[in-house]
Amino acid sequence: MFLAIATLAVYGQVVNHEFVDFDDELYVTDNSYLKTGTSSEIILWICNFTNKQGAYWQPLTWLSHALDYHLYGLNSGMHHLTSL
């Protein structure tokens, strides 16, 4: 029980954190595919082997970010909470 409470106390704070300037622009905040594409366009973009956005092809990461954006928009706290 103590471990669960301690974990929530430490990691539960992520809902108050903002996006960071490391790679969140690439993946979420400045990603035009997430902001303007339809669901089918986003899926096709994610599955495209020639997708040059990012250092390497990572469809599960892109799919996770697309789902987060669809569910939460640009609510950074919820994106972080999902990543836990």
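Every read-out reported here was derived from the displayed coordinates using simple, explicitly stated rules and does not represent laboratory data. Remember, predicted model here, so these are calculated numbers, not experimental data. Here Cβ is always computed from backbone atoms with ideal geometry, including for glycine, and neighbour counts include all displayed protein chains.
Details
- Here the Karplus curve 6.51 cos²θ - 1.76 cosθ + 1.60, taken at θ = phi - 60°, turns the phi angles of the stretch 2-14 into couplings of 4, 4, 5, 5, 5, 5, 5, 5, 7, 7, x, 6, 4 Hz, with x standing for Gly and Pro.
- Dimensions in Å of the chain - Rg and Dmax from alpha carbons: 14.7, 48
- For Leu74, neighbours were defined as the other residues whose beta-carbon sits under 11 Å from its Cβ, and their charges (Lys and Arg +1, Asp and Glu -1) total -3.
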